[in-house]
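Notes for the one structure printed next.
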Amino acid sequence: MSNITDPQMWDFDDLNFTGMPPTDEGYSPCRLETETLNKYVVIITYALVFLLSLLGNSLVMLVILYSRVGRSVTDVYLLNLALADLLFALTLPIWAASKVNGWIFGTFLCKVVSLLKEVNFYSGILLLACISVDRYLAIVHATRTLTQKRHLVKFVCLGCWGLSMNLSLPFFLFRQAYHPNNSSPVCYEVLGNDTAKWRMVLRILPHTFGFIVPLFVMLFCYGFTLRTLFKAHMGQKHRAMRVIFAVVLIFLLCWLPYNLVLLADTLMRTQVIQESCERRNNIGRALDATEILGFLHSCLNPIIYAFIGQNFRHGFLKILAMHGLVSKEFLARHRVTSYTSSSVNVSSNL
C-alpha cells in the first residue's frame with residue numbers, strides 16, 4: 001500500500017483498517033492530531049483531582065465506617081462507591097506522567113491502571129443502580145427486605161464488583177504497551193489483524209450491560225420513586241433524597257458525554273456513520289476532553305456530601321469531637337435531625 005500524504009485524497013473504502021496505530025514509517029493518511037489538549041493543563045487537572053479524591057473519599061469512608069450504629073443500606077453502597085473512586089484516584093499520577101513522555105511504564109501497569117479505570121466506571125453505575133432499586137422498593141413498595149437482612153447487601157456489593165471486573169477484564173487481557181513508529185508509546189488494545197472488529201465487540205458488550213441497562217434501571221426506579229414522594233407530599237423524605245439524586249446527576253454529567261462520544265466513535269468505526277479525517281480528529285479531541293470530565297467525577301461525590309449531606313457533616317464533626325479537635329458544645333450546636341421514618345426508609349447517613 002502506497003503512502004498517502006493528502007488527507008483529503010484518502011478514500012476510506014479502499015483501506016482495510018485494523019484499529020491499530022500506524023506502523024509504517026511516514027504513513028500518515030489522516031494526519032491524526034496526537035496533541036489534542038494542552039498536556040500541562042491536563043497534568044495539573046489530574047494532580048488536583050488526585051489530591052481532592054484522595055482526601056475526600058478517605059473522609060467519606062472514615063465517616064461511614066465510624067457510624068456503625070446508624071449505618072443504612074445506602075451507606076454501604078456509598079462506602080463501596082468511595083472505595084472505587086479512591087482506587088481509581090491512585091492511578092491518576094501514572095496517567096498524568098504518561099501525558100509527558102507517552103506510556104513508559106510497561107505492559108503490566110498498562111493492564112492494571114486500565115482495569116482500575118474501567119472497574120471504577122462500571123462499579124459506580126452498578127452501585128448507583130442498586131441504590132435506585134433499594135429506594136424504589138423502600139418507598140414505592142414500602143418493603144425493607146435489604147434493610148432487615150443487611151448481610152444481603154454485602155453479597156449485592158460483591159456481585160457489583162464481580163460484574164465490574166468481568167466487564168473490565170478484556171482491557172486487562174488485551175491492553176499492552178505499544179510503540180508505533182514515529183510516535184510516543186501508548187497503552188493500547190492489541191488484538192492482531194482483527195483489532196478493529198474485536199475492539200467493537202469489547203466496546204458494545206460492556207457499553208450495553210455496564211452503562212445502558214443500569215441507566216434505564218435508574219431512570220425507571222427514580223421516576224416512580226419521585227412520583228410516589230410527590231403524590232404523598234413527603235417533603236422531609238424528598239429532602240433526604242437530595243444527596244442521592246445529586247450523586248446520580250453528577251455521575252451522569254461526568255460520564256454520559258464520554259459514553260456518547262464513545263458511541264459516536266464506535267458507529268464511525270463500524271461505518272454506520274461516514275468516516276472522514278475531520279470527523280476522526282473531532283471525535284479524538286472530544287474523547288480526550290470528555291475522558292477528563294469522567295476522571296473528574298472521582299473527587300466530586302465527597303463535595304456533594306459536604307455541601308448537601310447534613311448528616312455527613314455531623315458525622316465528620318462527631319469524629320473530630322471524639323479526638324478533641326472540636327468541643328462537644330460546638331458539636332451540639334450543629335446537630336441535625338435525621339430525616340428517617342419508621343414507615344418509609346429514605347435515610348442516608350450522608
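Can you work out which of the residues in region 155-212 that are among the β-branched types (Val, Ile, Thr) and not in a helix (DSSP H, G or I) is modelled with the lowest pLDDT? If you could, list the steps in order and put the result at the bottom.
So in region 155-212, the residues among the β-branched types (Val, Ile, Thr) come out as 156, 186, 190, 195, 201, 204, 208, 212.
With the extra rule that they be not in a helix (DSSP H, G or I), the set shrinks to 186, 190.
Numbers: Val186: 86, Val190: 75.
Here the residue is Val190.
When only residues in region 234-251 that are surrounded by fewer than 17 Cβ atoms within 10 Å (Cβ to Cβ) and at pLDDT 85 or above count, which is farthest from Val140 (Cα to Cα)?
Of everything passing the filter in region 234-251, Ile250 is farthest from Val140 (Cα to Cα).
Count, please, the residues in region 51-87 that happen to be touching a Lys or Arg at 6+ places or on another chain (Cβ under 8 Å) and β-branched (Val, Ile, Thr).
4
Residue by residue, here is whether (1) assigned to a helix (DSSP H, G or I); (2) under 17 Å from the mean Cα position of the chain (by Cα); (3) modelled with pLDDT under 90 holds:
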residue: Glu35; (1), (2), (3): no, no, yes
residue: Ser53; (1), (2), (3): yes, yes, no
residue: Arg71; (1), (2), (3): no, no, yes
residue: Leu78; (1), (2), (3): yes, yes, yes
residue: Ala82; (1), (2), (3): yes, yes, no
residue: Val100; (1), (2), (3): yes, no, yes
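The values are calculated or read from the model by the stated rules, or taken from the named source; none is laboratory data. Please read all numbers here as calculations on a predicted model, not as lab measurements. Here Cβ is always computed from backbone atoms with ideal geometry, including for glycine, and neighbour counts include all displayed protein chains.
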